[in-house]
Each structure stands twice: as C-alpha cells, then as structure tokens.
Amino acid sequence: MTRPGRNRIARELHDSIGHALTVAVVQAGAARAAGSAEFTDRALNAIEETGRAALEDLERVLLVLRESGRPVSRRPTLTDADRLLESARSSGATVDAAVTGPVEHVPGPVSREGYRIVQEALTNVLRHAGAVTTRVRIAVTDGRLELEVTNPLSGQATSTGRGSGSGLRGIRERAALLGGKADTGPYDGEWRVHVGLPLDGLR
C-alpha cells in the first residue's frame, strides 16, 4: 500500500475511533456526576451506539488492509451527518445545526471527507471544551461546500493549544488534498473550524 493510502487509513481510524472514545469518556463522566439511573442508562445507550459505529468503521478499514485490491466499501457521507450530531447531543452538548443546499449532490470524495471533518471538529469540541453549546453549519453553494463548527472560547481552549493537535492538522490536510482551505482557531470570541472545499475536488 502506498504512503498516501496508509495516511488516509490512519486519518480514518483516528477520526472514527477517537470520536467514539471521546464520546465514551464524556458520557461516563457525566453519568457518574449525575448520579441518576435514568441518565446512566441513556449514557450507556449512547456509548453502545457510538462504539458500534466505530467498530463498523474499523472492520471496513481492516478489510481494505487485508484485500488491498478491493474497492473501499460504503463510507459515511454528509447525508449521514445526523449520526454525528446526535452523538454529540447524547454527550450533553447543545448542537445548533443548519444544513443548506443540495448536500446529497456533493461528489462522493468531497462528501466523505466533509463528514470526517465535521466528525473531528465535534470530537475536538467534546475533548477540549466538554458538553458546550456548539453550532454546526453545512452549506452547499456556488460550487463549494462550506463547513463551520464553532463553540464558546474558554480559558481551557486557549491553554491547550488546540490549533496544533493532530486532529486539526488532519482537518487541514483533508482540505488541502481536495484543493480547499481550513481555518482553525479563535475567532470573534469563539473557537472556530471553518473549511471551504470546491465541489470539483478529487474524484
């Protein structure tokens, strides 16, 4: 397998498994603090669902590694974004989401990478800021896909140096491979991940 192929698989595993582990950690901590059997039951259901999705991603990637000549099986796209939003909400975050434009017509490679970008941005919020109010914007307009995830900028966010993490570096790499650009960091009192991708990116 070529180095770009290995790097792509590494990013896939980082995003999917990292998201699942972050949700599990946040949910477990919230359940312990809540001291409520009902909340604990909801938390366990969310951990189970997120973990199952991560296992499916892991099995798919391992299949590709074992059979390198086999086409990549169905990978999630932006039409599956509701799964990400519900996962974040189940962790206690308030997610204000808006999707505009014909997302279902976004070319496959762009839509798949867009899904992973939103996934990593949400994981980053949960990991560094916790269950805070988060805005997600997905827009298809004028031949471009615009993605934006923002959350309140806290002292913790500035002190942890989120802009230099491997997850955000992966977001910038994904955007660059598709001829787009990613801006991550403090913006107008918030932490913002903004990505613009041309719809005629890699096919």
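The values are calculated or read from the model by the stated rules, or taken from the named source; none is laboratory data. For clarity, every value in this text was computed on a predicted model and none was experimentally measured. A quick note on method: Cβ atoms are made from the backbone with ideal geometry, for glycine too, and the neighbour counts reach across all protein chains shown. Accessible surface is based on the protein model in full, side chains and every heavy atom, while ligands, DNA and RNA are left aside. Shrake-Rupley method; radii C 1.70, N 1.55, O 1.52, S 1.80 Å.
Could you please find all residues in the stretch 81-97 being open to solvent by 40 Å² or more (accessible area, probe 1.4 Å) and under 13 Å from the mean Cα position of the chain (by Cα)?
Those that are open to solvent by 40 Å² or more (accessible area, probe 1.4 Å) and under 13 Å from the mean Cα position of the chain (by Cα): D82, R83, E86.
Could you tell me whether any residue of the stretch 62-75 is closer than 16 Å to Q119 by Cα, open to solvent by less than 20 Å² (accessible area, probe 1.4 Å) and at pLDDT 70 or above? Lay out the reasoning, then the answer.
Just the residues of the stretch 62-75 that are closer than 16 Å to Q119 by Cα, to begin with: 75.
Next, only the ones that are open to solvent by less than 20 Å² (accessible area, probe 1.4 Å) stay: none.
No, the stretch 62-75 contains no residue that is closer than 16 Å to Q119 by Cα, open to solvent by less than 20 Å² (accessible area, probe 1.4 Å) and at pLDDT 70 or above.
Mind listing whichever residues of the stretch 98-132 are within 19 Å of L178 (Cα to Cα), in contact (Cβ under 8 Å) with a residue 60 or more places away in the chain and more than 10 Å from the chain's Cα centre (by Cα)?
V106, P107, G108, P109, V110
Rundown of residues vs (1) under 26 Å from V99 (Cα atoms); (2) at pLDDT 90 or above, yes/no style:
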residue	(1), (2)
T141	yes, yes
E146	yes, yes
L153	yes, no
Q156	no, no
G165	no, no
G170	yes, no
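Considering only residues that are open to solvent by 40 Å² or more (accessible area, probe 1.4 Å) and either hydrophobic (A, V, I, L, M, F, W, C) or within 27 Å of A30 (Cβ to Cβ) (or both), which ones fall in the stretch 98-119?
V99
Which pairs have Cβ atoms under 6 Å, sit 6 or more apart or on different chains, and link a residue in the stretch 175-192 that is among the basic types (K, R) to one that is open to solvent by less than 40 Å² (accessible area, probe 1.4 Å) and not in a strand (DSSP E or B)?
From residues that are among the basic types (K, R), the pairs are K181/A175.
Condition first: among the small types (G, A, S) and in a helix (DSSP H, G or I). Now tell me which residues in the stretch 83-118 satisfy that. It would help to see each step written out before you state the result.
In the first step, residues of the stretch 83-118 are kept if they are among the small types (G, A, S); the result is 87-88, 90-93, 97-98, 101, 108, 111, 114.
Passing the criteria: S87, A88, S90, G108, S111, G114.
Applying the selection to the stretch 50-61, what residues are open to solvent by 80 Å² or more (accessible area, probe 1.4 Å) and at pLDDT 75 or above? Steps first, answer last, please.
We begin by selecting, within the stretch 50-61, every residue open to solvent by 80 Å² or more (accessible area, probe 1.4 Å); these are 52, 55-56, 59.
Selection gives nothing.
If L122 satisfies all but one of (1) out of contact with any Leu (no Cβ under 7 Å at 6 or more places or on another chain); (2) within 17 Å of A46 (Cα to Cα); (3) crowded, with 19+ Cβ neighbours inside 10 Å, what's the number of the condition it fails?
Just one mismatch for L122, condition (1).
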